[in-house]
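In what follows, a single structure is set out as structure tokens and then discussed.
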Amino acid sequence: MGSAAELIPSSAVRESFETLEKQRELITSCTALWKELSDHFSTLERGLQLRSDSLRSRRESLDASTKCTLDSLNRREHSIDTSVRIALAKLEDRRLAALHALSSTDSTEADDLSAKLRSLSTKMDTEGFFDLLASKKKEVDVLRSEVPVALADCIDPAKFVIDAISMVFPVDRRVVKTSNDYGWVCVLILESLVPVLADPQLGESRSLVTVAVKERAKEMADEWKGGLEKLGGIDGTKPSSAHAFLQHVVTFGIAVKEDKELYRMLILAFAWRRQMPKLALLLGFEDSMTGMIEELINKGQHLDAINFAYEAGLQDKFPPIPLLKSFLKDSKKTASSISEERSSPVRSTTYNGGRREQSAIRAVMKCIEDRNLEAEFPVQNLQKRLEQLEKVKAEKKKSPSPNSPANKRTRANNGGPMPPAKAGRLTNNAYVSSFPAAPTYVRSPSHPTYPAAASPYGQVGNGAYGSRSPPAIRDPYGYPAEEMSPHARGAPYLPAPLQYPPVAPASFAPAPTSYPSPPMTYPTYGGYSNGLAPAYQQGYYR
């Protein structure tokens, strides 16, 4: 055995071990590669299986949708004859009622609103119908229930509504125009027309609108879009006008695929209007509601997002309670920042942090009440916070802020007093001070009476002055030459006012006048130890 080991050289043994090591590394590498390939193919298999299941589910859903659509089309086709027969019968009844109303000699006007609306609708009096609605804005809740009933008595409700709203939509065509916004009337009439045009058998899923009326409605929609471009886009349009346009498209079923992005932008721009979530669904945004809700949340419109979520049935995906709390937190933070701005030297009168927070709290409480969330979000703490803000507001009204100026018409510290609000209307430069009247000083009998001398300072009228010392004066006299001369105005000479120091500063230039200077040897005046008279503000002349 020892001889055999001696016969094998050490180099051969070393080479054998190296060969075995290389084979071991190769086997390890092949094992790792096999495992990697196995995992890769397993992943591909799972992906293919998931895609196959998804395609199978989509195919089943598509088959169910196709079947439902075919059933709906068959039902619509078979219901056409019955729906037309019912519509013709209603039309005949409406025609007879209209003829009776037009030929009736009874001129007595109906007293109640419902009878007036039905009478105007039966007579196809579009102008009177529109004017009556416009005059009853305070009774809009009653109109929502009465207008559909009135439109049901009209011979051609669709044409009647088109003629009625065409006076102000898409553009105002009235001869005598006013500043009143009648977009809400158009929205009300268009909303009320939807149940009237509903198919008697299929309901609102099919509207009974003639081709001629639908074409006219499309022309009106195109005209509104053209006017929108002239106004500078969505930012330049009124909310009521945009709402009327969307409701117009929904009511007459004239939505087009090319304008879908415009509809979406309008809905998000005026999402705070309560009808927008419903209009979004009616315009075909069922699959886009999630993205729209997320966009509203990102813009801070949490309450609008809650309304959209409830309308689309997505309140489980977007729980309302966290959104309400986030909205309250953001509103409180905004109110605090606004309060800090109001406490700064530059006061802001446009915003009020307390009012902003109060409005937010009231909106949250209204949302909780509408959605029946009292059990999940009690309103007691919100009510306490609201009362606290009301108390702070009342205290602020009683005690003015220390940063607020004593007089609203006072300039900054380096600008002097503002002129009176109506100084421009005064004549002969008569001065009306916006400051309190200066106190009246009575000379002591021991004081000598100074002779009347011409004053280079041009004292005018009764010598009323402001109550503050003047700021740094660039012009030592402050008046033009023609105003300083009493003779130029036919005024008598008056003694010089006592508000100037006895010695003029060296920087002052001599007065541009030829009259003698006033005496500069005034005695000590009434308790002022420095021997100077009290300095009053110069009169402000326009």
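Just checking, which of ARG76, ARG118, ARG85, ARG95 is closer than 30 Å to ILE189 by Cα, assigned to a helix (DSSP H, G or I), in contact with a Leu (Cβ under 7 Å, 6 or more places away or on another chain) and open to solvent by 60 Å² or more (accessible area, probe 1.4 Å)?
Working: ARG118 fails: in contact with a Leu (Cβ under 7 Å, 6 or more places away or on another chain); ARG85 fails: in contact with a Leu (Cβ under 7 Å, 6 or more places away or on another chain); ARG95 fails: in contact with a Leu (Cβ under 7 Å, 6 or more places away or on another chain).
Answer to the check: ARG76.
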Hits in region 147-159 (condition: surrounded by 21 or more Cβ atoms within 10 Å (Cβ to Cβ) and modelled with pLDDT of 90 or more): VAL147, ALA150, LEU151, PRO157, ALA158
Listing of helices (runs of 4 or more DSSP H) fully contained in region 263-344 that carry 1 or more residues being within 25 Å of GLU229 (Cα to Cα) and either touching a residue at least 12 places away in the same chain (Cβ under 8 Å) or small (Gly, Ala, Ser) (or both): 276-282, 289-298
Qualifying residues in region 379-409 (those that are basic (Lys, Arg) and surrounded by fewer than 11 Cβ atoms within 10 Å (Cβ to Cβ)) - the one modelled with the highest pLDDT: LYS384
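Please indicate, with yes or no, whether at least one residue in region 261-272 is within 17 Å of ILE189 (Cα to Cα), at pLDDT 95 or above and crowded, with 22+ Cβ neighbours inside 10 Å.
Within region 261-272, the subset within 17 Å of ILE189 (Cα to Cα) is none.
For region 261-272, residues within 17 Å of ILE189 (Cα to Cα), at pLDDT 95 or above and crowded, with 22+ Cβ neighbours inside 10 Å: absent.
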Given (1) more than 20 Å from SER121 (Cα to Cα); (2) buried (at least 21 other Cβ atoms within 10 Å of the Cβ), number of the condition THR251 does not satisfy: (1)
Subset of region 170-229 that is outside any helix (DSSP H, G or I) and under 25 Å from the mean Cα position of the chain (by Cα) - its residue that is nearest to LEU246 (Cα to Cα): PRO170
Residue under evaluation THR31, criteria (1) surrounded by 10 or more Cβ atoms within 10 Å (Cβ to Cβ); (2) under 60 Å from the mean Cα position of the chain (by Cα), criterion not met: (2)
Of the criteria (1) loosely packed, with under 15 Cβ neighbours inside 10 Å; (2) in contact with a helix residue (DSSP H, G or I) (Cβ under 8 Å, 6 or more places away or on another chain), which one THR178 fails: (2)
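The values are calculated or read from the model by the stated rules, or taken from the named source; none is laboratory data. Keep in mind it's a predicted model, so treat the numbers as computed, not measured. Glycine also receives a Cβ, built like all others from the backbone with ideal geometry; neighbour counts cover every protein chain displayed. Protein only, heavy atoms only, side chains kept; ligands, DNA and RNA dropped before computing areas. Shrake-Rupley method; radii C 1.70, N 1.55, O 1.52, S 1.80 Å.
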